[in-house]
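Quick notes on the structure that follows.
The values are calculated or read from the model by the stated rules, or taken from the named source; none is laboratory data. Since this is a predicted model, take the numbers as computed values, not measurements. Backbone-built Cβ (ideal geometry, glycine too); neighbour counts: all protein chains shown.
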Amino acid sequence: MRPLSAYPELARVDVIGVPITATNMHECLGFIQSHLDEMRGEYICVSNAHTCVMAHDDPEYWKVQAGSVMSVPDGKPLSVVGRRSIGSMDRVTGPDLMREILQMSAERGWSHFFYGNTAENLSALVEAIRGEYPGLEIAGYEPSIFRELSDDEVDELAMRVNASGADFMWVAIGAPRQELLMSRLRGKAGALMVGVGGAFNILAGITPEAPLWVQNIGLEWLYRLIQEPKRLFKRYFVTNSKFIAYQITGKRRKEAA
């Protein structure tokens with residue numbers, strides 16, 4: 001079996017020193033469909049300007065992003081920067097990636113394990129998914145315990161995921177926690193793991209999703225800021241400002257220089 005690094009579809013572009021997979025939704029879905037068995041035990045990061053700045057500033061988190069099988073460009077700025085290197089690069093958002101894979105799953109027999117969020121919101125997600133995707137196999141789901149897991153707890157979670165037989169494990173505990181957890185589960189959980197942040201609440205109908213035209217003009221951040229100003233103010237006005245500054249000045253991490 002060829003190593004995943006041998007596939008040209010997984011080539012990456014440099015975004016402020018962080019390696020982001022040069023892909024789009026169509027290509028990403030096609031690769032997952034063709035190579036799911038080879039990617040079991042691996043993880044996908046859904047990356048944006050916020051996670052790129054964190055990876056730029058934190059060497060350990062950079063290793064987690066770089067160690068993913070794919071770090072797809074969720075944020076509009078990433079796809080804009082990436083298109084300078086490869087024209088076909090475009091956004092792969094967490095909610096849309098979930099929707100597309102869930103839609104494909106009944107026909108292909110793929111099953112799913114959902115991890116994260118509160119018990120109440122997770123139940124709402126499961127109910128919504130069962131209504132939207134008849135025939136979808138939900139192998140299991142667990143809420144987050146809102147703290148770092150011990151090594152034993154990580155091993156036990158991996159065993160539960162494996163016992164469920166899930167093909168996909170969706171992790172929604174926010175960045176950087178979800179990526180750090182997936183990296184610890186790498187090679188232990190037999191599912192392909194995907195970190196999707198707030199996608200659970202969007203698919204459950206709890207958090208409103210920005211209209212498509214707002215997403216297309218790159219103002220999704222403003223829409224979300226209006227919805228959750230206290231939680232997102234620092235993220236958008238500090239980390240996003242850093243992203244712009246790093247991009248303008250060409251500042252890169254020493255390891256990526």
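Assorted remarks:
- Exactly one residue among E120, E127, E137 is out of contact with any strand residue (DSSP E or B) (no Cβ under 7 Å at 6 or more places or on another chain) and farther than 27 Å from H50 by Cβ, and that residue is E127.
- Meets criteria (without any contact (Cβ under 8 Å) to a residue 24 or more places away in the chain, small (G, A, S) and on the phi < 0 side of the Ramachandran plot) for A210: yes
- The set of residues from region 130-154 being exposed (fewer than 15 other Cβ atoms within 10 Å of the Cβ) and either closer than 14 Å to G41 by Cα or of a type in the set (V, I, T) (or both) comprises just one member, I145.
- Pairing each residue of region 186-201 that is over 18 Å from S164 (Cβ atoms) with any residue that is of a type in the set (V, I, T) and surrounded by fewer than 24 Cβ atoms within 10 Å (Cβ to Cβ), provided the two are 6+ apart or on different chains, yields C-beta distances under 7 Å for G198/T207; N201/T207.
- Test result for E228, free of Cβ contacts under 8 Å to residues at least 60 places away in the same chain and in the same structural domain as N121 (by TED's automatic domain parsing): no
- Within region 74-110, the set of residues being in a helix (DSSP H, G or I), farther than 15 Å from G30 by Cβ and of a type in the set (K, R) comprises K76, R83, R99.
- Selected residue [part of a helix (DSSP H, G or I) and in the same structural domain as G116 (by TED's automatic domain parsing)] from M182, M193: M182
- Qualifying residue in region 226-249 (condition: closer than 17 Å to T93 by Cα, surrounded by 12 or more Cβ atoms within 10 Å (Cβ to Cβ) and either among the acidic types (D, E) or within 18 Å of the chain's Cα centre (by Cα) (or both)): no
- Residue list for region 25-58, filter: modelled with pLDDT of 95 or more, under 18 Å from V194 (Cα atoms) and in a loop (DSSP other than H, G, I, E, B): R40, G41, E42
Results for (1) within 19 Å of the chain's Cα centre (by Cα); (2) among the aliphatic types (A, V, I, L, M), shown as yes or no for each residue.
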site: A139; (1), (2): no, yes
site: F146; (1), (2): yes, no
site: A166; (1), (2): yes, yes
site: W170; (1), (2): yes, no
site: L181; (1), (2): yes, yes
site: L185; (1), (2): yes, yes
